[in-house]
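Undergrad: Before I ask anything, let me first share the structure, which is written out below as structure tokens.
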Amino acid sequence: MADACCGTDTPAKPLSVTEPAAPPAAVWQVRELQAAAASGLLLLVSLFLPGPWDVVGELAALAVGAATFVPGTLRGLLKGRLGVGLLMTIAAVGAVVLGEYGEAATLAFLFSIAEGLEGYAVARTQHGLRALLDLVPSTATVRRDGIEQEIAPADLRVGDVLLVKPGERIATDGIVSAGRSSLDTAVVTGESVPVEAGPGAEVFAGCMNGAGALEITVTATAEDNSLARLVHIVHEAQERKGSSQRLAERFAKPLVPGVLVLAALIAGLGSLFGEPGVWIERSLVVLVAAAPCAFALSVPVAVVAAVGAASKAGVLVKGGAAVEALGKVKVVALDKTGTLTRNEPVVIDVVTANGSDRSRVLDVAAALEARSEHPLAAAILAAVDTKALTPGEGVEAVPGNGLTGTVTGRPARLGKPGFIAAGPLADDVTRLQDAGATVVLVEHDGDLLGAVAVRDEIRPEAAEAVAALHRQGVRVVMLTGDNARTAAAIAAAAGIEDVRAELLPEDKARIVTELKAYGPVAMVGDGINDAPALATADAGIAMGAMGSDVAIEAADIALMGEDLRRLPDAIAHTRAARGVFTQNLLMSGAILVALVPLAATGVLGLATVVASHELAEVLVIGNGIRAGRRKHLPTHPALRTATAHRAVPPLRVPVQPTAVDVDIVVPAGRPLLPLGPAPAAKPQGGCCSGCGND
């Protein structure tokens with residue numbers, strides 16, 4: 001570790017899902033600490049030995065303690081690597097040459113303690129992440145050729161039928177083909193609310209099955225499932241360096257040869273003008289005092305601890321740079337669809353006209369939307385009996401407006417107000433739009449049948465998350481491609497005052513750039529449609545990224561679950577981690593500044609400097625581990641049951657638009673929909689019905 005702390009270590013071995021995560025040894029089982037204990041015992045015994053035997057005891061203590069770092073130092077030196085171990089080795093050899101055997105033994109004893117504690121601390125912080133892979137069961141039950149058999153998870157193949165009994169963990173990713181159950185997904189998403197899983201549901205490795213039995217079609221091998229990818233990405237993320245870590249390394253690497261030159265100058269110049277023995281001894285003390293190990297370790301240990309703790313809470317932070325970027329954030333830009341809302345629109349109201357009934361309005365609308373995959377179509381189809389549905393014929397999209405076709409042999413249309421005249425439903429359309437709903441009118445054989453109101457419901461935790469961001473002093477802005485009325489309603493319910501509506505992806509990226517005038521900006525989106533804005537922001541955050549390779553790769557930070565409260569948690573956690581970085585840098589820098597002149601002027605001897613230096617290193621490591629505390633990543637109480645996500649009460653917002661106290665900004669030249677003339681089709685986003693939804 002002495003060389004590793006100065007950036008000369010070899011790359012970490014990649015983590016494998018097929019290898020068990022052996023826990024780090026207990027403190028008393030660490031080889032370096034065992035050697036340190038033996039060295040200390042021999043050093044203590046030498047104090048009571050007579051005559052020349054005390055020297056034998058001191059040399060024995062030196063040999064045992066030095067065995068923990070000298071061999072590695074010599075191997076590194078042969079490869080051209082200079083590390084702190086080299087400074088300690090030279091100091092120990094110099095002390096022996098000067099006859100200060102006790103001083104040399106003390107140096108080896110104390111440095112071996114620091115080496116052991118350092119290695120143990122890093123192993124502890126890395127083990128928590130590596131142990132995630134042990135959540136995969138040791139065996140998996142599969143059905144092959146009609147025969148059930150138990151195999152190792154590593155032997156699973158794509159297409160296998162995995163049988164999961166109640167209370168078992170899922171061995172790899174897959175799609176439920178039979179059975180229903182509830183799953184505890186906390187290990188991969190950080191959410192405590194069980195998720196209902198039935199045929200067609202996607203499930204992930206490591207999740208705990210509830211009371212039902214499931215048959216799952218395997219979609220990923222053990223080496224490539226979501227849990228293995230998560231651990232691999234975080235393992236790589238721990239190697240990514242932020243500005244603080246780069247600063248520490250830029251300072252530490254040249255310091256080792258610099259210290260050697262300084263010590264040589266002190267010894268040479270001092271010998272010219274004073275007693276050679278005194279100044280040579282002081283130069284050896286300077287070698288130890290200026291060792292930059294504590295400075296170089298000040299940030300990496302904290303990064304490993306912070307990233308590991310966040311990953312276990314469902315927050316994937318991709319390295320030290322992302323920790324620092326998120327910890328500095330002063331403005332958070334939130335996408336609406338899929339971030340503040342569920343991206344699962346539902347029909348909230350049907351208004352009829354000209355004597356039609358609700359079922360006829362929905363049947364005609366569903367017939368036109370039968371083959372559409374847009375969320376608006378899915379909401380309408382979910383409100384009817386699709387088994388008895390006869391799809392419309394000759395259905396065509398009118399870009400930016402709606403659909404036309406033939407239903408039961410007669411012409412039919414579905415679309416936005418303006419494409420179809422609202423007539424007697426004008427007041428109802430305005431009322432529903434003011435409540436944040438997207439409204440489409442339905443016409444059959446030239447007669448207006450009614451209006452269908454669809455709304456993407458706001459997440460129940462959105463207001464709580466926004467309030468937490470405000471308490472942190474973070475400015476919150478909502479960015480959406482949806483129309484201004486819908487944006488106003490969602491913003492009012494979430495407690496957001498600054499709303500930018502009717503935006504194209506390039507508009508969002510431009511606004512993120514403008515928001516940087518208020519401080520570092522974090523953009524929260526789905527990681528795909530909002531890619532330009534995510535890339536432009538200081539910190540890009542993907543929401544609900546579990547199972548999405550694209551979302552994870554696109555963002556600096558990924559919230560693996562769907563709980564928006566993890567956003568202020570992540571900011572608080574990274575702010576605390578940045579505080580630890582700063583403390584460690586200042587502490588280790590102050591140690592160097594204080595010890596070097598005291599050593600050079602002879603105020604401090606070798607034993608005192610060694611003790612001070614190694615104690616300070618242990619303090620820096622211990623403080624760095626504090627970044628791994630989950631104080632700011634609590635387990636939140638459930639806001640809803642797993643099956644209640646389609647039955648959220650409607651938004652409680654004022655009917656009159658003037659009562660919605662939000663600032664709405666619409667790009668120049670883009671009128672507030674649906675009051676102006678029908679806009680041209682949007683080049684990105686939008687839907688077949690011209691609703692303006694993003």
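Undergrad: I'd like to know if segment 26-47 contains one or more residues that are modelled with pLDDT under 75 and under 30 Å from Thr139 (Cα atoms).
TA: Yes, that holds for at least one residue.
Undergrad: Among (1) modelled with pLDDT under 85; (2) within 30 Å of Ala462 (Cα to Cα); (3) open to solvent by 30 Å² or more (accessible area, probe 1.4 Å), there is one condition Val618 misses while meeting the rest; what is its number?
TA: (2)
Undergrad: So Pro634 clears everything in (1) modelled with pLDDT of 85 or more; (2) more than 30 Å from Glu100 (Cβ to Cβ); (3) in a helix (DSSP H, G or I); (4) open to solvent by 10 Å² or more (accessible area, probe 1.4 Å) except one condition, right? Which one?
TA: (3)
Undergrad: Hey, another quick one. Quick one: how many residues across segment 466-496 are assigned to a helix (DSSP H, G or I) and closer than 15 Å to Asp434 by Cα?
TA: Adding up the residues that qualify gives 10.
Undergrad: List, please: which pairs have Cβ atoms under 8 Å, are six or more places apart or on different chains, and start with a residue in segment 276-288 that is more than 15 Å from Glu103 (Cα to Cα) and open to solvent by 50 Å² or more (accessible area, probe 1.4 Å) and end with one that is β-branched (Val, Ile, Thr) and assigned to a helix (DSSP H, G or I)?
TA: Filtered contacts from segment 276-288: Trp279/Ile266.
Undergrad: Which condition from (1) open to solvent by 20 Å² or more (accessible area, probe 1.4 Å); (2) free of Cβ contacts under 8 Å to residues at least 60 places away in the same chain is the one that Ala492 breaks?
TA: Every listed condition holds for Ala492 apart from (2).
Undergrad: Identify all residues within segment 360-383 that are over 17 Å from Gly405 (Cα atoms) and touching a strand residue (DSSP E or B) at 6+ places or on another chain (Cβ under 9 Å); write none if there are none.
TA: Residues satisfying the conditions are Pro375, Leu376, Ala379, Ala382, Ala383.
Undergrad: In segment 274-299, which residues are of a type in the set (Phe, Trp, Tyr) and either part of a loop (DSSP other than H, G, I, E, B) or at pLDDT below 80 (or both)?
TA: Phe295
Undergrad: On to the next question. Please verify whether segment 88-110 includes one or more residues that are open to solvent by less than 40 Å² (accessible area, probe 1.4 Å) and at pLDDT below 70.
TA: No.
Undergrad: Further, regarding this structure: Given the criteria open to solvent by less than 10 Å² (accessible area, probe 1.4 Å), at pLDDT 90 or above and among the acidic types (Asp, Glu), does Glu461 qualify?
TA: Yes, satisfied.
Matching residues to (1) closer than 30 Å to Gly602 by Cα; (2) more than 13 Å from the chain's Cα centre (by Cα):
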{"residue": "Ala289", "(1), (2)": "yes, yes"}
{"residue": "Val303", "(1), (2)": "no, no"}
{"residue": "Ser311", "(1), (2)": "no, no"}
{"residue": "Gly314", "(1), (2)": "no, no"}
{"residue": "Val317", "(1), (2)": "no, no"}
{"residue": "Lys328", "(1), (2)": "no, yes"}
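Undergrad: Which of the helices (runs of 4 or more DSSP H) found entirely inside segment 506-603 contain at least 3 residues meeting this: modelled with pLDDT of 90 or more and open to solvent by 10 Å² or more (accessible area, probe 1.4 Å)?
TA: 566-600
Undergrad: Identify, please: which residue in segment 209-218 is within 19 Å of Ala154 (Cα to Cα) and surrounded by fewer than 19 Cβ atoms within 10 Å (Cβ to Cβ) and is, among those, farthest from the chain's Cα centre (by Cα)?
TA: My answer is Glu215.
Undergrad: Test Gly72 against the stated conditions and say whether it is under 18 Å from Pro254 (Cα atoms) and either polar (S, T, N, Q) or touching an Asp or Glu at 6+ places or on another chain (Cβ under 7 Å) (or both).
TA: The answer is no for Gly72.
Undergrad: Can you spot a residue in segment 338-350 that is more than 22 Å from Ala488 (Cα to Cα) and of a type in the set (Gly, Ala, Ser)?
TA: no
Undergrad: While we're on this one: When you look at Arg431, is it part of a helix (DSSP H, G or I), in contact (Cβ under 8 Å) with a residue 24 or more places away in the chain and touching a Leu at 6+ places or on another chain (Cβ under 9 Å), yes or no?
TA: no
Undergrad: Could I ask something else about it? Of all residues in segment 464-480, which are of a type outside the set (A, V, I, L, M, F, W, C) and either surrounded by fewer than 24 Cβ atoms within 10 Å (Cβ to Cβ) or free of Cβ contacts under 8 Å to residues at least 12 places away in the same chain (or both)?
TA: Once the filter is applied, which keeps residues that are of a type outside the set (A, V, I, L, M, F, W, C) and either surrounded by fewer than 24 Cβ atoms within 10 Å (Cβ to Cβ) or free of Cβ contacts under 8 Å to residues at least 12 places away in the same chain (or both), segment 464-480 yields Glu464, His470, Arg471, Gln472, Gly473, Arg475.
Undergrad: Moving on to the next point. Listed residues Lys387, Lys416, Lys336; which is within 30 Å of Gly540 (Cβ to Cβ) and basic (Lys, Arg)?
TA: Lys336
Undergrad: Identify all residues within segment 35-61 that are within 18 Å of Val97 (Cα to Cα) and in a loop (DSSP other than H, G, I, E, B); write none if there are none.
TA: The one that is within 18 Å of Val97 (Cα to Cα) and in a loop (DSSP other than H, G, I, E, B): Pro52.
The values are calculated or read from the model by the stated rules, or taken from the named source; none is laboratory data. If you're wondering where the values come from, they're calculated on a predicted model, not measured in any experiment. Note that each Cβ is placed from the backbone with ideal geometry, even for glycine, and that neighbours are counted across all protein chains shown. Accessible surface areas use protein heavy atoms only, side chains included; no ligands, DNA or RNA. Shrake-Rupley method; radii C 1.70, N 1.55, O 1.52, S 1.80 Å.
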